[in-house]
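Okay, structure first, notes after.
The values are calculated or read from the model by the stated rules, or taken from the named source; none is laboratory data. A quick note: this is a predicted structure, and the numbers were derived from the prediction, not measured. Here the Cβ positions follow ideal geometry from the backbone for every residue, glycine too, while neighbour counts run over all protein chains shown. In case anyone asks, the SASA skips ligands and DNA or RNA and just uses the protein heavy atoms, side chains included. Shrake-Rupley method; radii C 1.70, N 1.55, O 1.52, S 1.80 Å.
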Amino acid sequence: MLVPVFAYYILFKYWPMGGLIIAFKSYNFADGILHSPWVGLKNFKVLFSSSSTLQIIWNTFWLSFLNLLVGFPVPIFLAILLNEVRKTWFKKWVQTIVYLPHFFSWVIVGGLVLSLFATDYGSINKVLMLFNIEPITFLYESKSWVAVFVGSGVWKEMGFSTIIYLAALTNIDPALYESAGMDGASKWRQIWHITIPGIRHTIILLLILAMGQLMEVGFDQIYNLQNSAVADVSEVISTYIYKIGLGNAQFSVTTAMGLFESVIGCALVLVANRIARKFDQALF
């Protein structure tokens with residue numbers, strides 16, 4: 001029964017990892033992966049000797065960190081709030097509304113962002129002009145673009161994580177809340193001493209998984225939202241690999257960049273798991 005599963009992972013997950021050796025080669029189509037000449041760490045030296053590449057690595061880390069800092073606690077708060085709602089129809093209605101954006105492609109979300117924040121025809125600037133306020137170039141200034149980028153990501157994905165936390169909340173014994181209520185515990189104390197400890201393992205599990213993506217910024221999101229005016233903050237590893245690797249056919253350099261990204265992500269997962277182990281919440 002497990003043969004198809006093993007075959008899938010071997011063929012599509014582990015076998016392609018062999019292609020990582022071109023990070024240490026000067027790859028060309030004529031010689032192929034196996035016969036292209038070895039160059040050692042030359043591709044990595046090329047990457048880390050360029051100030052623009054270092055800026056791209058920093059942009060990737062900074063945008064991912066902001067996504068984690070802002071986006072990680074929002075579903076927890078939302079799940080706790082929904083868990084306190086007693087009207088089932090309202091709870092399901094809110095769940096549907098917040099979960100729906102998860103199914104939108106970033107092309108659709110990018111169009112929505114433009115319709116809201118565009119300088120000339122954006123809804124927000126139209127409202128501002130009604131009050132004689134000059135339009136704001138949200139998408140052409142670095143700070144406001146980063147805020148729009150992080151906000152759109154949180155809006156799109158918070159519903160999915162909220163569902164996971166709501167599922168975890170169902171495992172908490174209702175008798176604990178009844179006992180706490182009889183002892184006079186306020187709602188906030190019940191949340192602090194029962195709800196949050198009840199989903200602590202799920203929180204740590206998702207945090208460890210999120211740490212593994214701290215050096216990743218989704219290509220679809222950044223590609224649909226970036227523009228040349230904010231290139232100093234919007235160029236990240238995924239767009240670099242697309243433009244330099246596929247556009248300029250520098251496969252070895254961009255593979256080296258991808259390998260660096262994966263190694264950092266793996267290291268962050270191991271560190272996060274080691275910290276979690278000290279609190280008996282390790283994933284492995």
> Taking H as built 1.01 Å from N, whose amide H comes closer than 5 Å to the amide H of Lys25, not counting residues under 5 places away?
Replying inline: Val39
>> Using each residue's phi in the range 4-9, evaluate 6.51 cos²θ - 1.76 cosθ + 1.60 at θ = phi - 60° and report the 3J(HN,Hα) Karplus result to the nearest Hz, with x for Gly and Pro.
In response: x, 5, 4, 4, 4, 5
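Determine the relative contact order of the chain: mean sequence separation of Cα pairs under 8 Å and six or more apart, normalised by residue count, in whole percent. Intermediate results must be reported in sequence, preceding the final value.
Numbers: 281 pairs, mean separation 74.9, N = 284.
Relative contact order, the chain: 26 percent.
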> Order of 252-261, 208-217, 52-61 by packing, highest average Cβ count within 10 Å first?
Replying inline: 252-261, 208-217, 52-61
> Spin-label point model (7 Å from Cα, Cβ direction): what's the Glu178 to Ile21 distance in nm?
Replying inline: 6.5
>> Rounded to the nearest percent, how much of the accessible area of the chain (1.4 Å probe, protein heavy atoms only) is carbon and sulfur?
In response: 69
> Karplus couplings for the range 51-66 from phi (6.51 cos²θ - 1.76 cosθ + 1.60, θ = phi - 60°), rounded to Hz, Gly and Pro as x?
Replying inline: 5, 5, 5, 4, 5, 5, 5, 5, 4, 4, 4, 5, 5, 5, 4, 5
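Given the rule -39500 (n - 2.57) for each run of at least 4 DSSP H residues, summed and divided by the residues of the chain, what is its mean residue ellipticity at 222 nm, to the nearest 500 deg cm²/dmol? Walk me through the intermediate numbers first.
Numbers: 16 runs with 178 residues, N = 284.
-19000 deg cm²/dmol, from helical runs alone.
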>> I need the phi-derived Karplus couplings for the range 270-281: 6.51 cos²θ - 1.76 cosθ + 1.60, θ = phi - 60°, integer Hz, Gly and Pro marked x.
In response: 5, 5, 4, 5, 5, 5, 4, 5, 5, 10, 6, 10
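Suppose all protein chains stay in the model; what accessible area per residue would a 1.4 Å probe give for the range 189-284, in Å²?
Value returned for the range 189-284: 53 Å² of accessible area per residue.
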>> Could you check the spin-label model distance between Val271 and Ser144? Points 7 Å from the Cα along Cα→Cβ, value in nm.
In response: 3.5
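Counting only heavy atoms of the protein chains, get the accessible area per residue of the range 3-161 (1.4 Å probe) and round it to a whole Å² value. Each step should come with its number before you reach the end.
Values: 10210 Å² over 159 residues.
It amounts to 64 Å² per residue over the range 3-161.
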> Lys45 to Ala7: FRET efficiency via 1/(1 + (r/R0)^6), r the Cβ-Cβ distance, R0 45 Å, to the nearest 0.05?
Replying inline: 0.70
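Placing +1 at every Lys and Arg Cβ and -1 at every Asp and Glu Cβ, with all other atoms neutral, what dipole size does the chain have around its Cα centre, in debye to the nearest 20?
Working: 18 positive and 15 negative charges, 90 e Å.
Using Cβ point charges on Lys, Arg, Asp and Glu, the chain gives about 440 debye.
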> Which trypsin sites (Lys or Arg not before Pro) does the range 21-124 hold that lie in a coil by DSSP with at most 12 other beta carbons within 10 Å?
Replying inline: Arg86, Lys87
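Would you please give the FRET efficiency between Leu66 and His35, computed as 1/(1 + (r/R0)^6) with r the Cβ-Cβ distance and R0 = 41 Å, to the nearest 0.05?
On the way: r = 43 Å, r/R0 = 1.06.
The pair Leu66/His35 has a calculated efficiency of 0.40.
Loop only by DSSP, 14 or fewer other Cβ within 10 Å of the Cβ. Give me the chymotrypsin sites (Phe, Trp or Tyr not before Pro) in the range 80-181 that pass, ordered by residue number. Write down the numbers at each step before the final one.
On the way: sites: Trp89, Phe90, Trp93, Tyr99, Phe103, Phe104, Trp106, Phe117, Tyr121, Phe131, Phe138, Tyr140, Trp145, Phe149, Trp155, Phe160, Tyr165, Tyr177; in loops: Phe104, Tyr121, Phe131.
Of the chymotrypsin sites (Phe, Trp or Tyr not before Pro), the ones in loops of the range 80-181 whose Cβ has at most 14 other Cβ atoms within 10 Å are Phe104, Tyr121, Phe131.
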> Between Phe103 and Leu207, what FRET efficiency comes out of the Förster formula 1/(1 + (r/R0)^6) with R0 = 25 Å and r the beta carbon distance, rounded to 0.05?
Replying inline: 0.55
